[in-house]
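One structure below.
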Ligand SMILES: Cc1cc2nc3c(=O)[nH]c(=O)nc-3n(C[C@H](O)[C@H](O)[C@H](O)COP(=O)(O)OP(=O)(O)OC[C@H]3O[C@@H](n4cnc5c(N)ncnc54)[C@H](O)[C@@H]3O)c2cc1C
């Protein structure tokens, strides 16, 4: 038995369950969320995207509108929403108890479909989870009402000019004052997404000696000594990528996230959801590009035939379609597994898998972006008109490949984690 189809009927333009095919994962509440987010984005985002891209910024009022529409709470939460957040609006009227990893996937799928707007939420989605998972109740009660109401914004600041993949060697210091009431922070962070408009920086700092054990996480409010300047990057200005400087910034000790010395582990746990979420965005990026390329191939004539009548062009679509569907299936499997495991077991068992999933997502994007660009011809290189979304997608691909863990580093991590699990399993078996 199939359900009615939703969205575009072009091949691979939507996930298979949108076309009405059976699914073990998506239920009524996922459909409700999908319909609500698509409607909201079509009404509030789509008509303005071109002018925002041209202006290089999204108006601040939009962030308040997102809060009122119930977008910020799920964006800050990931795969579960705390019951204590039930008094905030949640888009699609999803109850916190209903929310699962597939809602997270649907939410990001639909947000990414609306284009560059998604970059507005990156800081919240990577910066809020450490506050939710590891911070004191006092700090949560103080900060969450501000950031969930859209009044204030947050981002994640880990990378430094001299330490990116190598988080263990970061150099930004946070030294306690003699009275033990404050940390004094000095250092620099680079490529911090949403930093230009953030009020809080979820920051990895060195509170102890060298190596991972000396790293802590500190929430740094925008205050005296915090300076931000834009870093122009390939995908454009809407993500507000930032160079951040801390000069003798005084932060109350109550803003420490968890315990001193736990910052490296907390950063790594946080990366797992970030990598999964990058795969969510890649999936929709590929589908949108395929949609536009298909539309073009059905109408463009060359050598007395429609492009789609050329076997070479059909071959391109077939090769894109099989990769996108395989990526979707793997992503859904990981989302399902994470939903069945505790946070701790999820991080232990799936950290390496998630790293490899992120790599696969980036590789599929590279393939699809290039093939779609070629199908569009000159339009694929043009920032306006029918190829504009493909041109933008092509430029955004490196932002899926390097941030959140660079491809080469992730492949190596995936293999090391797989070996670790193999050794643990062998050891457990030898004890039987
Ligand atoms: C657009 C953008 C947005 C970003 N947003 C944020 C953000 O919001 N917050 C934040 O904290 N950071 C952010 N980053 C930083 C991003 O996470 C880092 O750029 C990334 O982790 C790589 O670090 P790096 O640039 O220092 O490269 P390096 O660590 O210097 O690595 C350079 C290259 O060397 C190779 N390499 C290095 N080490 C290894 C290894 N062990 N094995 C194999 N190959 C290796 C890889 O090919 C790698 O790409 C962002 C970056 C960009 C470009």
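General remarks:
- If you filter the range 398-430 down to residues that are closer than 27 Å to residue 287 by Cα and free of Cβ contacts under 8 Å to residues at least 60 places away in the same chain, you find that the one that is surrounded by the most Cβ atoms within 10 Å (Cβ to Cβ) is 401.
- Check on residue 133, touching a residue at least 40 places away in the same chain (Cβ under 8 Å) and over 19 Å from the mean Cα position of the chain (by Cα): no
- Number of positions in the range 234-251 that are near the ligand (Cβ under 8 Å from one of its atoms) and surrounded by fewer than 17 Cβ atoms within 10 Å (Cβ to Cβ): 1
- Any chance residue 227 is away from the ligand (no atom under 16 Å from the Cβ), without any contact (Cβ under 8 Å) to a residue 40 or more places away in the chain and not assigned by TED's automatic domain parsing to the domain that holds residue 78: yes
- Restricting the search to helices (runs of 4 or more DSSP H) fully inside the range 1-117 and requiring at least 2 residues that are touching a helix residue (DSSP H, G or I) at 6+ places or on another chain (Cβ under 8 Å) and surrounded by fewer than 18 Cβ atoms within 10 Å (Cβ to Cβ) gives 28-44, 60-69.
- Annotation note: of 340, 328, the sole residue that is within 24 Å of residue 106 (Cβ to Cβ) and exposed (fewer than 14 other Cβ atoms within 10 Å of the Cβ) is 340.
- Sole residue being crowded, with 16+ Cβ neighbours inside 10 Å and under 25 Å from residue 238 (Cβ atoms), chosen from 393, 317: 393
- From the list 385, 346, 378, 362, the lone residue that is under 23 Å from residue 402 (Cα atoms) and touching a helix residue (DSSP H, G or I) at 6+ places or on another chain (Cβ under 9 Å) is 362.
- Of the helices (runs of 4 or more DSSP H) lying entirely inside the range 316-432, not one is found with 3 or more residues being assigned by TED's automatic domain parsing to the domain that holds residue 163, modelled with pLDDT of 95 or more and within 16 Å of the ligand (Cβ to nearest atom).
- Unmet requirement for residue 184, which otherwise passes all of (1) touching a strand residue (DSSP E or B) at 6+ places or on another chain (Cβ under 7 Å); (2) surrounded by fewer than 24 Cβ atoms within 10 Å (Cβ to Cβ); (3) within 24 Å of residue 281 (Cβ to Cβ): (3)
- A single member of 257, 220, 215 is within 16 Å of the ligand (Cβ to nearest atom), under 10 Å from residue 157 (Cβ atoms) and not assigned by TED's automatic domain parsing to the domain that holds residue 397, and it is 220.
The values are calculated or read from the model by the stated rules, or taken from the named source; none is laboratory data. If you're wondering where the values come from, they're calculated on a predicted model, not measured in any experiment. In this analysis, Cβ positions are derived from the backbone assuming ideal geometry, glycine residues included, and neighbour counts consider all displayed protein chains.
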